[in-house]
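Q: Sharing a structure, written as structure tokens. Questions coming.
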Amino acid sequence: MSEDSYFKFSNRVLLVPMIAVLLIWTVFWVEIRFQVNLNQYGIYPRTLKGLRGVLFSPFLHGSIEHLYNNTIPIAILSASLVYFYRSVSLKILLWGVLFSGLLTWVIGRPSYHIGASGLIYVLASFIFFKGIFTKHYRLVALSLMVVFIYGGLLWFIFPLKEDISWEGHLSGFITGLLLALFVKAEIPSTKKYAWELENYNEEDDEFLRHFDDHGNFIESKDEILDSEEKPFKITYHFRKDKTKDKRK
């Protein structure tokens, strides 16, 4: 697939992040409007009841600050995923939620783990590592942008604060790395010029024939022979001097 057809904008680039943001804000609005607390639907590690949080926890948030901090990253990273890896974007989102949630359920502390931050770490980790593994210059540039903008997220995969689910962050980071390793994404083919091909021969290159061993420009032998074979034709035009007729 060529780069022009691969890096092509579609409505999904805007639709997916809009749906994700709308869902998490709608759930939070329902909690505020009807004065209900849905935290019990989060992930509670190593309990059968806590498994339901694998699906529900990304939509639950404990405060407006928690929700706001997750809104912008989930919008930017999901849009980047759909634009640059659209062939596997839905797969990454679904598997990311599932596997990161299950890993949190296994390694987490006995408490309710809620929030979309686990999915954010999945997306950031996948986009970074996948770009590095593919070695495509545009995808590597995207990886570097993720590091530049969200590199500080790395610190929160460690137990720095009691009220932060570092287990969910770590699970998302590991899940994104594994998905980058094992999920095959369609990568655009980079355009190769003639001199980049393995069977390239400098002696057959028409352009390089115009230069000698010292890099000086020379005309090709064919052009010299053509110029020698062409006969010169000189045409003379005689014009009558009208001044002499007037003097007479």
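The values are calculated or read from the model by the stated rules, or taken from the named source; none is laboratory data. All figures in this text were calculated on a predicted structure; none of them were measured in a lab. Note: ideal-geometry Cβ built from the backbone for every residue, glycine included; neighbour counts use all protein chains shown.
One line per residue, one yes/no per condition, for (1) modelled with pLDDT under 95; (2) in a helix (DSSP H, G or I):
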site	(1), (2)
Met1	yes, no
Ile19	no, yes
Trp25	no, yes
Glu31	no, yes
Arg46	no, no
Gly53	no, yes
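Q: OK, next. Is it the case, given these coordinates, that Ala180 is under 14 Å from the mean Cα position of the chain (by Cα), under 14 Å from Leu77 (Cβ atoms) and surrounded by 18 or more Cβ atoms within 10 Å (Cβ to Cβ)? I'd like the intermediate steps shown before the answer.
A: Numbers: under 14 Å from the mean Cα position of the chain (by Cα): yes; under 14 Å from Leu77 (Cβ atoms): yes; surrounded by 18 or more Cβ atoms within 10 Å (Cβ to Cβ): yes.
Against the criterion (under 14 Å from the mean Cα position of the chain (by Cα), under 14 Å from Leu77 (Cβ atoms) and surrounded by 18 or more Cβ atoms within 10 Å (Cβ to Cβ)), Ala180 qualifies.
Q: Does at least one position in the stretch 63-70 carry a residue that is touching a Leu at 6+ places or on another chain (Cβ under 6 Å), under 16 Å from Pro17 (Cβ atoms) and either assigned to a helix (DSSP H, G or I) or among the polar types (S, T, N, Q) (or both)?
A: no
Q: Checking Ala79 against (1) at positive phi; (2) in a helix (DSSP H, G or I), which single condition isn't satisfied?
A: The one condition Ala79 does not meet is (1).
Q: Take the conditions among the basic types (Lys, Arg), under 22 Å from the mean Cα position of the chain (by Cα) and modelled with pLDDT of 95 or more and apply them to Lys91. Does it pass?
A: So Lys91 passes the test.
Q: In addition: Go through the stretch 100-118 residue by residue and tally those that are of a type outside the set (Gly, Ala, Ser), buried (at least 20 other Cβ atoms within 10 Å of the Cβ) and part of a helix (DSSP H, G or I).
A: Result for the stretch 100-118: 3.
Q: If a residue has to be touching a helix residue (DSSP H, G or I) at 6+ places or on another chain (Cβ under 8 Å) and either among the basic types (Lys, Arg) or surrounded by fewer than 20 Cβ atoms within 10 Å (Cβ to Cβ) (or both) to count, how many in the stretch 119-138 make the cut?
A: Matching residues across the stretch 119-138 total 6.
Q: While we're here: Give the residues of the stretch 68-99 that are of a type in the set (Gly, Ala, Ser), closer than 16 Å to Lys130 by Cβ and buried (at least 16 other Cβ atoms within 10 Å of the Cβ), sorted by residue number. Before you say what the answer is, go through the steps one by one.
A: Taking the stretch 68-99 as the starting set, the residues that turn out to be of a type in the set (Gly, Ala, Ser) are 75, 78-80, 87, 89, 96.
Filter once more, so that each one left must be closer than 16 Å to Lys130 by Cβ: 78-80, 87, 89, 96.
Across the stretch 68-99, the qualifying residues are Ser78, Ala79, Ser80, Ser89, Gly96.
Q: Could you list, in sequence order, all residues of the stretch 166-187 that are at pLDDT below 95 and either closer than 19 Å to Ala116 by Cα or of a type outside the set (Asp, Glu) (or both)? Break it down into steps so the answer makes sense when it comes.
A: Let us first name the residues in the stretch 166-187 that are at pLDDT below 95, namely 184-187.
Result: Lys184, Ala185, Ile187.
Q: Further question: How many of the residues making up the stretch 34-78 are among the aromatic types (Phe, Trp, Tyr) and farther than 19 Å from Ile164 by Cβ? Explain how you work it out, then say what you get.
A: Step one: of the stretch 34-78, the residues among the aromatic types (Phe, Trp, Tyr) are 34, 41, 44, 56, 59, 68.
Checking which are farther than 19 Å from Ile164 by Cβ leaves us with 34, 41, 56.
Going through the stretch 34-78 one residue at a time, the tally reaches 3.
Q: Quick one: how many residues across the stretch 82-99 are more than 18 Å from His169 (Cβ to Cβ), part of a helix (DSSP H, G or I), of a type outside the set (S, T, N, Q) and in contact (Cβ under 8 Å) with a residue 60 or more places away in the chain? Steps first, please.
A: In the first step, residues of the stretch 82-99 are kept if they are more than 18 Å from His169 (Cβ to Cβ); the result is 82-91, 94.
Cutting the leftovers down to part of a helix (DSSP H, G or I) gives us 82-84, 89-91, 94.
Checking the rest, the ones that are also of a type outside the set (S, T, N, Q) come to 82-84, 90-91, 94.
Within this subset, residues satisfying the condition of being in contact (Cβ under 8 Å) with a residue 60 or more places away in the chain are 82-84, 91.
Total meeting the criteria: 4.
Q: Name the pairs whose Cβ atoms lie under 9 Å apart, with the first residue in the stretch 161-189 and free of Cβ contacts under 8 Å to residues at least 24 places away in the same chain, the second surrounded by fewer than 19 Cβ atoms within 10 Å (Cβ to Cβ) and in a helix (DSSP H, G or I), and 6 or more positions between them or separate chains?
A: From residues that are free of Cβ contacts under 8 Å to residues at least 24 places away in the same chain, the pairs are Ile164/Phe156; Trp166/Phe156; Trp166/Ile157.
Q: Looking at this structure, is Ser57 within 24 Å of the chain's Cα centre (by Cα), at pLDDT 95 or above and not β-branched (Val, Ile, Thr)? Reasoning before the result, please.
A: Numbers: within 24 Å of the chain's Cα centre (by Cα): no; at pLDDT 95 or above: yes; not β-branched (Val, Ile, Thr): yes.
So Ser57 does not fit the description; no.
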